[in-house]
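Accompanying notes for the structure given below.
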Amino acid sequence: MKVERSRNTIMNHSPDIDRGGRDDADRDDRDDARRESGDHADRTGTATDPPRWPQFVDKEGSRWTLRQADDADLDQLVELYDAFGDADRAQGIPPAVEHRRRSWIEMLLEDGYNIVAEGDGGIVGHIVYTPLEDACPELAIFVHPAFHDRGIGTELCRRLVASAAAADREALELFVELRNRAAISVYRRVGFETVDSDHEVRMVHALEDPTVSAVGSPPADS
């Protein structure tokens, strides 16, 4: 299953724009927003209380840990996206040029809420909503081409929807190509509805919808 990414914030961001010059207050605001979003990146656990993350067994019986990503995952995410060829991209995302691709990943880690699917061999899936503070942020999801059709993308969607609801976001939105029926089916299954369609489909998940409580739980401390 190839799942598309959303269009506006995620696609229109230019990695060549200098994002420097933000002052400490801006960084504090982002840190506060991450804490409000249930950021568990600082969890290291103890001998009596080890870190716990949701486990997921895919259609082929492989076990994955679904956890929140942080800056320490940059190199693994770069490796994940290096595996994407032209056929795996939609409207230029992920960027084909290496330095642009790395800057794009850095932007997602800085400005979004990120969850990854990780196994013994590393990260195979990545989902994000961004901007972090928006009431209706955009969703993007990518699964390594070798791991499609195993339910990983669906499970990542469930976790992100639950995390966004727990962070009091009002809704999530995404854009998907009209021909990508498999992705549209997955999004509908986890609660997204089509609100507009032309050459691509705009879908929105209103997070006060009762289905939110049924689709999964965010990575949690317990």
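Computed from the coordinates by the stated procedures, all read-outs in this text should not be read as laboratory data. Bear in mind that the values here come from a model prediction, so they are computed numbers and not experimental data. Cβ atoms come from the backbone with ideal geometry, glycine included; neighbour counts cover every protein chain shown.
Size descriptors for segment 133-176 (Cα atoms only): Rg and Dmax, in that order, 11.8, 34 Å. Taking the fewest neighbouring Cβ atoms within 10 Å as the starting point, the ordered list for 169, 100 is 100, 169.
Annotation: the residues 203, 107, sorted from fewest to most other C-beta atoms within 10 Å of their own C-beta, follow the order 107, 203.
Across segment 171-188, rounded Karplus estimates of 3J(HN,Hα) from the backbone phi angles (6.51 cos²θ - 1.76 cosθ + 1.60, θ = phi - 60°) give 6, 10, 10, 7, 10, 9, 5, 4, 6, 8, 5, 5, 5, 4, 4, 4, 4, 5 Hz, Gly and Pro being marked x.
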